[in-house]
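What follows is a short report on a single structure.
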Amino acid sequence: MRQDQKTGFLLGVSAFMFWGLTPFYFRAISSVSPLEIVSHRIIWSTFILAGLLLIINRKFLKNALLQFKRHGLILGLAATLLTINWLTYIYAVLNGRILEASLGYFINPLVNVALAALILKEKFSRIQMIAVLLAAVGVSQEVFRFGQFPTLALIMAGTFGIYGLIRKKVDIGGSEGLLIETLLLMPFAVGYLFYLASENRMAFLNQGPLIFWLLLSAGLVTTLPLIWFIGATKRLNYSIVGMMQYIAPTLIGLLGYWIYSEGFPPGRLVTFTLVWFGLLLVVVETLIHVRTRTY
């Protein structure tokens, strides 16, 4: 396995584990409206990314206008998709629809695998096809058990799947592209916070120091896993990234069961078992392939 692929695996696992632990964060700021949370994510992410690039890549800032001309339109679409994804997830968490949000994370990898096959023309081995089939069976019974059309779950899966595809195809680094995305969204975020302040409804200034600092940290919570995720998509086949995404909903489900004492129905165990058995097959095949190429 090449060094860039190893780095891609490490970045992908880090991103999905981080996202799998985000219920801790969003539960802590459940008193804040989804739009205000997203606004803070945009604003503080912009400052963090700009500071990071000033330290490690000053040439990009000098060529920011050129990068915007080349990629502004497509990154504007990516930013819109990402915003819709954030709003949908936060709305689900804050309105007692965590089950549907979790389902969205289960559907998302299948969307990625489908996009990899249809758009990127990636070829799957027999083992990878079996893994995808097992995951599809697990997710299908999850949808059936859910008992209604999972609108929020499908929005989450579709928006993030297409976002990841766009970022894989656009020839720009993870941090640089993400900075342009947040800059495009910045006027809307700042305007909304000014509106809340004028109405004396902004949680950032009115709900105590804990909420203040948690919202201030929204930039780190947002940028770190996204940079890792984009880095993984640049180094790995998109189908592999898609299968790795099952790490996040598995962690969310375990947190819900062990930490928040939510129900863990038998069907969810079936889904986890099928998905992780498929992932195990892919990992074993990859290790065998690497050993064969090494010797």
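Points worth noting:
- Residue, farthest from E142 (Cα to Cα), within region 274-295, restricted to residues that are of a type in the set (F, W, Y) and at pLDDT 75 or above: F277
- Helices (runs of 4 or more DSSP H) within region 180-281 that include 1 or more residues surrounded by 23 or more Cβ atoms within 10 Å (Cβ to Cβ): 208-216, 218-235, 238-244, 247-258
- Qualifying residue in region 261-273 (condition: at pLDDT below 85, among the small types (G, A, S), touching a Lys or Arg at 6+ places or on another chain (Cβ under 7 Å) and farther than 29 Å from L49 by Cα): yes
- Filter result for the condition that a residue is within 18 Å of the chain's Cα centre (by Cα) and closer than 12 Å to G242 by Cβ, over A114, A153, A101, A131: A114
- All conditions but one from (1) buried (at least 20 other Cβ atoms within 10 Å of the Cβ); (2) of a type in the set (F, W, Y); (3) at pLDDT below 75 apply to F106; the one that does not is (3).
- Selection status of I172, surrounded by fewer than 21 Cβ atoms within 10 Å (Cβ to Cβ) and either of a type in the set (S, T, Y) or in a helix (DSSP H, G or I) (or both): no
- Take the conditions (1) over 19 Å from the mean Cα position of the chain (by Cα); (2) touching a residue at least 40 places away in the same chain (Cβ under 8 Å); L251 misses just one of them, which is (1).
- Restricting attention to region 1-30, the residues being of a type in the set (G, A, S), at pLDDT 90 or above and assigned to a loop (DSSP other than H, G, I, E, B) number 0.
- Here A135 meets the list (1) over 16 Å from W276 (Cα atoms); (2) crowded, with 18+ Cβ neighbours inside 10 Å almost entirely, failing just condition (1).
- From G158, G208, G173, G191, residue being without any contact (Cβ under 8 Å) to a residue 24 or more places away in the chain, within 21 Å of L81 (Cα to Cα) and small (G, A, S): G191
The values are calculated or read from the model by the stated rules, or taken from the named source; none is laboratory data. Fair warning: this is a prediction, and the values are worked out from it, not measured in the lab. Positions of Cβ are backbone-derived with ideal geometry, glycine not excepted, and every protein chain shown enters the neighbour counts.
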